[in-house]
Structure formats: C-alpha cells, structure tokens
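Report on one structure; see the data block that follows.
The values are calculated or read from the model by the stated rules, or taken from the named source; none is laboratory data. Note that this is a predicted model, so its numbers are computed, not measured. Neighbour counts are summed over all protein chains in view; Cβ atoms, including those assigned to glycine, are modelled from backbone coordinates with ideal geometry. The area values use the complete protein model at the heavy-atom level, side chains included, leaving out ligands, DNA and RNA. Shrake-Rupley method; radii C 1.70, N 1.55, O 1.52, S 1.80 Å.
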Amino acid sequence: MPPDSTKHELAADIEATAAVTAATAAPSAQLWVSSTSLAAGTQSTKAALALGDADDDDIDKIIDAIGTQGGEIDHELAGKVADRLGLAAPGYVPGLDWTSEEEKRVVRILDTRLMPWVLLSTFVLNMDRTNISNAISDHLPASLGFTTTVVNNATSIYAVVFSIFTFAGAGLAKRFSPHRVIPGLMLAWGAVTLAHAGISDATGYYLVRVFIAVTEGGVIPATLIYLGAFYKSTELATRLAWFWGVQSVASAVSGLMASGILQMAGIAGILGWKWLFIIDGILTFLAAGLLFYVLPRRATETVIFDARQAQVAATRVIRDDPVKLYYERHIRWSDVKAAFFDLRLWGHLVITIVGLTPLTALATYLPTIISSFGFNVYVSNALTAPGYILGFITMTTMTWHSDRKRERGLHGIFSATWLLLGFIILRSIPDDTNKYALWIVLLFTSAWPMTHPLNISWLTEHMAPLGKRSVASGAVIAAANIYAIWAGQIYQPGDAPRYHVGNLINIAFAFASVLIWIGFRYYLSTINSHRQKVWDALSEKDRNNYLATTKDVGNDRLDFRFTL
C-alpha cells in the first residue's frame, strides 16, 4: 500500500470467473473481491468486499474501494465489477493498452477540437457578466434614475441567487448531461441579457439581475463535471486555468467592444449601454445554437475520435480515477451530507470566499476607476483589456507549473501575495500621481494569477468518493459568488473615485487570504503525517484487517493522502 500516493487506484484479482457468473445469476449470492495493494517495498494486503444484492450501499463500498486504494489497477476486474453493478462506462476497455504517442494524440484532439467549444461557452458567459461594468461606466444608473447604491445592492442579490443555482446546475448536469445543460442555460441567459435593454427603473434593474443570476448560476459546475469526463486529474488544473483565463480574455474583449458599441448611442434612439446588451444577447443566442450541435455527450459519441481513440479516451480517464466508472450516477442526499460535514471542503470554501472578495468591487468599477485617472469613457473601457490579458497569461502559467510540479499550496500562497502587494501599492500611491503611473499600478493588481482554478483542481483531488466530489464542485462555485454579498458593498459612493477606505478593506482580505493558504496547507500536511505514522505502526495483519473491515470512506480513509 503506498500511503503517500494521491492516486486512487485498485490493485485486485478475482477469486474465480465463476464467482462473477454465480453472483450475476443469483442476486442473493455474494461476490467476493480479493483486492491486493501493490506498494513498492511493502508486502501485499488483501481485503474481501461482499457485494450481495448490490444495492446503493454496496455500490458505495465497492466504488469507494476502487477509488481510494493504491497500486496497479486490475482493469479486467474493475470492468467485471462495473458490469456486475451496472456501472460500465461506454468506451471503457479493461486491459486496453496504448502507447504514449496515442495518448498524446487523444489529448491534442481534446485540446483542439473539444476544449475550444467549452471555452466559447465561458467566453460568452463572462462577456455577459462583464458588460454590466461597461454599462455602468456609460452612466446606466443615472439614466435609470438611481445611484450606485442600487448597483451595489443588486450585486449582492445577484451573488445570493447565483450561488443557490450553482447547486441546481450540478444536479441538472448529472440528470440530463452537461452537453445539453450548458447550451440550454446559454439560451436562457441570452434572453435575459436582451431584456436588460428594456429596463427603465430600479425595479426592472433588480429583476433582470436576479434572472441573469438564475440562468448563469448552473453553467460553471455543469462545465466542471463535463471536463472531468474527458481529462485526467493531472491535466485538469491547466484546462481549468484556460477556462478561467478565457474569462479574463472575454472581459478584455468586452471592454474593447464596449469602447466601440457605446459610441452607437442615439442610433434608432437607443442609449449606448442598451446597444451593448442587445448585441451581447444576440451573440449569446448564436453561440448557444452552435454548442447544441457540436458538444458531444462522451468520447464514444463524437466524430473527433475514431473507434480506437474513443476507447483510449474513455479508458485512460477511468484508469486515472476509477470512481469515474460510475461518473453519470445521480447525486444523492447522502452525498450532500458527506460533503457538508467534511472540514477539508470548508477549507477550500474559505479560501475561495476570502481570497476572491477583493475582486468584485474592482471588476465592477474598473472602467470607472480608470476614467477617474483622467481618461475618457471610451479609452477607459479599452484600458481594462491589458489587465485581463496579462491575468490570463499569469494564471495559466502558474497553474501549468502547479500541474507540472504536482503542488498546489505554495503556488496559491505566491498568487495571494501578489494580490496583497497590488492593493498595498494601489492604496499607498498619491492621488496626484501621473495618470499613466496610476493605470500601471492598477494593471499590476488586476493582472494577478487568480487562484480559483488552482483551488478547484486541488479540491477535486481531495474530495472522494465521487458523489461528494460533485456536491463539492457546486459548493465551491457557490462560494465563488456568495462573497459578492459583502464584496459588492466595499466601494461606496462617498469613497469615490480612488476608494481609499475600500482598498484598505481589500488589503485586509488579501492578507487574510495569504494566511489561510499557509494554514490550510499546513493542516493537510499534519493530517498526512499523522496518517502515515499510524499506518507505519500497523502490522501487515492489522493493515489487512483495516482494509477488510473499515467503515471509513473516501478521503476519511487511513490510506488516503492529500495533495499539498
């Protein structure tokens, strides 16, 4: 048993093929799976797992065993177990062999012929989320007869509603498949984006912000589930960096587009910011229609692979994480309870809530802040682009390096420290500083390598079994929006335009984020050390007995190790 391994694999042999046949033919019969853990330098251990009638509890036990124990997986056995429980994943071939070149080819196909469509969905999402800040810079509040207080309140309401509906997105994806849920939600929020052009007062503004949160809330967790079906754990963080990085690019493009679209003010008697929502809404409809056509459900249902490549694509993901044999299983209430009572999940949620808090106010008022330096409204919107583009570069580079080194905590500490330094400099620089120098400081701050994709990838490595992981994915996306309840109130009208008080608050949150990253990494390290010490003290007989009788599941097992 390699207790220091973060791979979740089962090394096993089956007592006899006849046992499978007997168990399949007679529901009351018991199928005994003798699992052997093949640790380098250690003796093998065996545990007997009884399936019996294979009800939900039995399924949980075998899937958890497959997903937690270390070693070299017996893929033929895993396939038979999956067939016995009705878990067989399409395209999964136990015992399939392939070359590294074949796998590299499969990944290249995924990266070039599937991932771009996923990135299109998040590109459109963030354009439709960013356009509100562009509209505010074009005096949306004044034209509707209210102040930025209404904007801040609507931002807080948006955060609550969005967070609630992230859980709905995860559930919908598990029931109806992400490849249909993603474009379906896009159609819905495209309609609400268009509706922004029809509002005429504060009530209308509140309503459209609520409905945009309802329709947008589920798409990110649905996308996380979708990507997990195609990419291995060692590949996912980099692709999540692309995912959130493209959101930064979308924000940059949104700013550049806004600088032109806002100049359409007066055409057909329509205000510039209303044209912004009209055009974004139309583009969203077009993108949704395209994604309905091009997104495949799974590797075996797409024209981008031939039959051999489809098998490699499906099998390699399951070998990396065998719990994905049952990837399309619906979320159950027991999964929700298991996630809610897992302190490690709460660690990731606190990292998200505290670390991302400074971003909401800055993103909402970024064009307005740049305008206060002395640039006109059109230039100010264009000057938001470089920060988002640099943020994309720094985030993807850092996350790629994290994947390569298989390390998360130190990378998160580095990123959180960057943001802290940015806000310290932004708060300290004199108000009469040259406007270009002010913009460069703001550029440095907004270009920080955002930790969110890193944290999500870290979380997926820590959450087991699979049902808990699905709930955790929804929870972390909810946390990534719920903080806007208070973050939306950090920049107040009386503190404009430099927001000195608001930036002091941002400094406090950024500093707390650095401490939390350090503390959480240390906490996980102490758990690993304790489990290692206990495991080393067990005799081979005691280890065998633990594996055979333990009621610990997922990341609570003594043989589970957390990535640091």
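Any residue at all in region 170-192 that is small (G, A, S), open to solvent by 20 Å² or more (accessible area, probe 1.4 Å) and under 18 Å from the mean Cα position of the chain (by Cα)?
Yes, because at least one residue in region 170-192 is small (G, A, S), open to solvent by 20 Å² or more (accessible area, probe 1.4 Å) and under 18 Å from the mean Cα position of the chain (by Cα).
Within region 384-407, take every residue that is assigned to a loop (DSSP other than H, G, I, E, B) and at pLDDT below 90 and give me the one that is nearest to W242 (Cα to Cα). The extreme case among them is R406.
Contact map, region 140-169: residues that are outside any helix (DSSP H, G or I) paired with residues that are modelled with pLDDT of 90 or more, Cβ distance under 9 Å, separation 6+ or inter-chain. Pairs shown: G145/S200; G145/D201; G145/A202; F146/D201; F146/A202; F146/Y205; T147/P141.
Of all residues in region 292-316, those that are at negative phi have Cβ atoms under 6 Å from Cβ atoms of residues that are among the basic types (K, R), 6 or more apart or on another chain, in I304/R113.
Only helices (runs of 4 or more DSSP H) whose full extent lies in region 456-556 are considered here, and the ones with at least 1 residues that are more than 19 Å from the chain's Cα centre (by Cα) and touching a residue at least 40 places away in the same chain (Cβ under 8 Å) are 484-487, 500-537, 540-549.
Does any residue of region 232-251 turn out to be open to solvent by 30 Å² or more (accessible area, probe 1.4 Å), touching a Phe, Trp or Tyr at 6+ places or on another chain (Cβ under 8 Å) and in a helix (DSSP H, G or I)? There is at least one residue in region 232-251 that is open to solvent by 30 Å² or more (accessible area, probe 1.4 Å), touching a Phe, Trp or Tyr at 6+ places or on another chain (Cβ under 8 Å) and in a helix (DSSP H, G or I). Give the residues of region 149-169 that are farther than 30 Å from P296 by Cα and open to solvent by 40 Å² or more (accessible area, probe 1.4 Å), sorted by residue number. Within region 149-169, T149, N153, I157, V160 meet the criteria.
Of the set (1) out of contact with any His (no Cβ under 7 Å at 6 or more places or on another chain); (2) farther than 24 Å from W400 by Cα; (3) buried (at least 21 other Cβ atoms within 10 Å of the Cβ), all apply to I270 but (3).
Determine if region 368-377 includes at least one residue that is part of a helix (DSSP H, G or I) and in contact with a Pro (Cβ under 6 Å, 6 or more places away or on another chain).
Within region 368-377 (the criterion being part of a helix (DSSP H, G or I) and in contact with a Pro (Cβ under 6 Å, 6 or more places away or on another chain)), the answer is yes, since at least one residue qualifies.
The number of residues in region 437-450 that are of a type in the set (S, T, N, Q) and open to solvent by less than 10 Å² (accessible area, probe 1.4 Å) comes to 1.
Determine, yes or no, whether L125 is farther than 21 Å from F211 by Cα and either open to solvent by less than 40 Å² (accessible area, probe 1.4 Å) or assigned to a helix (DSSP H, G or I) (or both). Steps first, answer last, please.
Details: farther than 21 Å from F211 by Cα: no; either open to solvent by less than 40 Å² (accessible area, probe 1.4 Å) or assigned to a helix (DSSP H, G or I) (or both): yes.
Spelling it out, it is not the case that L125 is farther than 21 Å from F211 by Cα and either open to solvent by less than 40 Å² (accessible area, probe 1.4 Å) or assigned to a helix (DSSP H, G or I) (or both).
Taken over region 205-231, the criterion of being in contact (Cβ under 8 Å) with a residue 24 or more places away in the chain, open to solvent by 10 Å² or more (accessible area, probe 1.4 Å) and assigned to a helix (DSSP H, G or I) is satisfied by Y206, R209, V210, V214, T215, L224, I225. Residue check, V317 against (1) open to solvent by 40 Å² or more (accessible area, probe 1.4 Å); (2) closer than 25 Å to P453 by Cα, all met but one. Which one? Going through the list (1) open to solvent by 40 Å² or more (accessible area, probe 1.4 Å); (2) closer than 25 Å to P453 by Cα, V317 breaks only (1). Taking (1) surrounded by fewer than 19 Cβ atoms within 10 Å (Cβ to Cβ); (2) assigned to a helix (DSSP H, G or I) in turn, I304 satisfies each apart from (2).
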